[in-house]
Structures are given as C-alpha cells and as structure tokens.
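The values are calculated or read from the model by the stated rules, or taken from the named source; none is laboratory data. Everything numeric here is computed off the predicted structure, so don't read it as measured data. Virtual Cβ from ideal backbone geometry, glycine too; neighbours counted across all protein chains shown. We work out accessible area using only protein heavy atoms, side chains counted, and drop any ligands, DNA or RNA first. Shrake-Rupley method; radii C 1.70, N 1.55, O 1.52, S 1.80 Å.
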Amino acid sequence: MEWPKMDEKTRMERLEIRSGRVDMVLDTDTYNEVDDQFALCYSLLSPERVNLQAVYAAPFHNNRSSGPEDGMEKSYDEIVRLLGTVNVPSRDFVFKGSRTYLTDKNTPADSPAARDLVSRAMARPDGDPLYVAAIGCITDVASALIMEPKLVEKIVVVWLAGHEFSWPHTREFNMMQDIPASQIILDSGVPLVLVPCMGVASHLTASTWELDACLGGKNALCDALCELFAAYSDNHYGWAKEIWDVAAVSWVLHPEFTQTELVHSPILSEDSHYSFDNNRHFIRVVRWLNRTRIFRDMYEHLSDAENILAARGGR
C-alpha cells in the first residue's frame, strides 16, 4: 500500500491540538467493558469543546462475544441503548463497523462506519482535519485508510492502545486483536496520538463508592453508569476498575490535563512487540494523565447531562 507523503512540518502541526471547538467521531467497542460508555457520554456532553458527529461500533472478540461480528453488533446495540437513556436519536449518528478483522494490509473490512469516515473526512476543507478518537480495535479506521489512502491527510487519530514503550510487550487488547490494522495505523503516516494503556492510562481507576458519591442520584444517565459499573464485579471491597478509555477523549477535550512527547512511530511485530527506528515519522505519545482533573471534569459534565443536552437540543 502506497501512502501519501506528509511533510513533517504539517504532521507536527496536526499533532498540536487545535484551539476552539473541533469535530470528532468516536470508534468504540462499547459492549466490551464499562469504560467505553463513560468515554461516549463524556464526549457527547462536552459540546463546548467537541462536536461529536458520529459514533462507530467497533468489533471485538473475548468472553463477552462469540466473534468480532457479534462483538460489533453488541456494541452497536449498547451505543443505541445508552443514547436512549438521554433521548439522543441514533439514526444517521451511530454506524455499524467491521464484521471481521483485516485479512491483510491491502483489503479493507468494508462497513458503514468505514464508508462514513471516508465520506465525512474527505469532504472537509484542506487543513481542517477530523479527529478520530478510537478506543477499541482499530479495524474500522484502518479499513477506511485502505479504502481511501488520502484520508491520511484528512484525519487525526487518537488511539488508546498498546502499553508504555518500556513495557516488556504490547499484547494489549485493542492492539493485538488486529495486528495488520494496528500496523497500518503506525506505518501509514496518519497523524497519530497514541495513548498507552499499562503505565499511562492504567491509573484512571474508580470505585463504586466514588461513583456513588459523585454521580449517584444526579440523573438517569449517571444512575445507569453507576449500575453498569457496579455490575462488573461481585466484590467491591477494595476494588477499583480502570475507566481508561476516557484517556483518548481527554486529550481532545483537555490536552492541558496530559503530558505528551513527540517520538518516532514504533514498529509493531507480529508477536506484539515494539522496535524502533529514528528514521520513521513522528507521532505524539501520552506519557502522563492528570487523573484528578480528568475525573472531576467528567463527573461535572455527566452530572449536568440534562441541562447540557437541553441547551444543545439533543445531540
């Protein structure tokens, strides 16, 4: 696959978060855990910063699905269900993603989500990229890039995936499910903000006690999120759960809550290890997240969901 050659000056500019309100789509395997739901709602309820234009249901395969297609379908249903709790219509807003992983790096896993991303991003003026917050397997985004390589020049991908570079491996769920797709994101030169899981986003944890204190009884959405979170474990004593998917959204919403570094894009091996070559293009990597500021801001927005949605007329 031949990718457009973006000069490093332009790429550096794309990797600096823009001021003002930005347009964003969210690619999420929402049924997989409980953190995607928080990230989706946080994005939807931050209209002062983000215009959330579409939500894509990403595939996943683990003990909560029988295969990537089933995971995608369950995620789609979960997105629709969650939006329904705040009366946000899903028509022409939520799109089904890939039903399979990539079989190679030249053949897309076609889907409504991939087609929507191509159409939506390619219609944008030059120099005004669409932000793609990806918090699941990256098949949908990689497929869109294969379908239209010029997409490299039209989007900025913010992806929660892999582990901190000093970790002994990067066998992380989002990255290892579809290695060819992950390699495309790292190799294509698309402007990329990478948010590692272990060692960076892994300290974004919460407990049932904290959620009950900060969100419980505030509104129907907050109660639904608290219930969903509590159901993830049957023993809450001393228990905390990562809500690390909000990390990718947080960089778009509040880059000042993060510390980042420009690094050369790593090379991902077939067995989920990184190697490094200082001749490769730059990406931005998140090194640290201010957990207190992120969670306080998210809790405030979730608690005010009814007023925020009323002011914006739904979505």
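Worth a mention:
- Contacts under 7 angstrom Cβ, first residue in segment 122-134 being in contact (Cβ under 8 Å) with a residue 40 or more places away in the chain, partner open to solvent by 50 Å² or more (accessible area, probe 1.4 Å), 6 or more apart: Leu130/Arg120
- For segment 110-160, a residue qualifies if it is closer than 23 Å to Ser66 by Cβ and open to solvent by 10 Å² or more (accessible area, probe 1.4 Å), and the qualifying residues are Asp110, Pro112.
- Residue count for segment 10-31, restricted to those that are touching a Lys or Arg at 6+ places or on another chain (Cβ under 7 Å) and open to solvent by 10 Å² or more (accessible area, probe 1.4 Å): 2
- Residues of segment 234-266 classified as within 21 Å of Ile135 (Cβ to Cβ), among the polar types (S, T, N, Q) and either in a helix (DSSP H, G or I) or over 20 Å from the mean Cα position of the chain (by Cα) (or both), total: 1
- Selection from segment 260-287 of residues that are of a type in the set (Phe, Trp, Tyr) and surrounded by 14 or more Cβ atoms within 10 Å (Cβ to Cβ): Tyr274, Phe282
- Of residues in segment 288-306 being within 18 Å of the chain's Cα centre (by Cα) and among the aromatic types (Phe, Trp, Tyr), the one least open to solvent (accessible area, probe 1.4 Å): Phe295
Residues checked against (1) more than 20 Å from Val193 (Cα to Cα); (2) modelled with pLDDT of 95 or more; (3) touching a strand residue (DSSP E or B) at 6+ places or on another chain (Cβ under 6 Å):
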site	(1), (2), (3)
Lys5	no, no, no
Arg18	no, no, no
Met24	no, yes, yes
Thr28	no, yes, no
Val34	yes, no, no
Tyr42	no, yes, no
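- When segment 169-224 is filtered for residues that are among the acidic types (Asp, Glu) and open to solvent by less than 30 Å² (accessible area, probe 1.4 Å), the ones remaining, listed by number, are Glu172, Asp178.
- So Ala240, is it in contact with a strand residue (DSSP E or B) (Cβ under 6 Å, 6 or more places away or on another chain), of a type in the set (A, V, I, L, M, F, W, C) and buried (at least 22 other Cβ atoms within 10 Å of the Cβ): no
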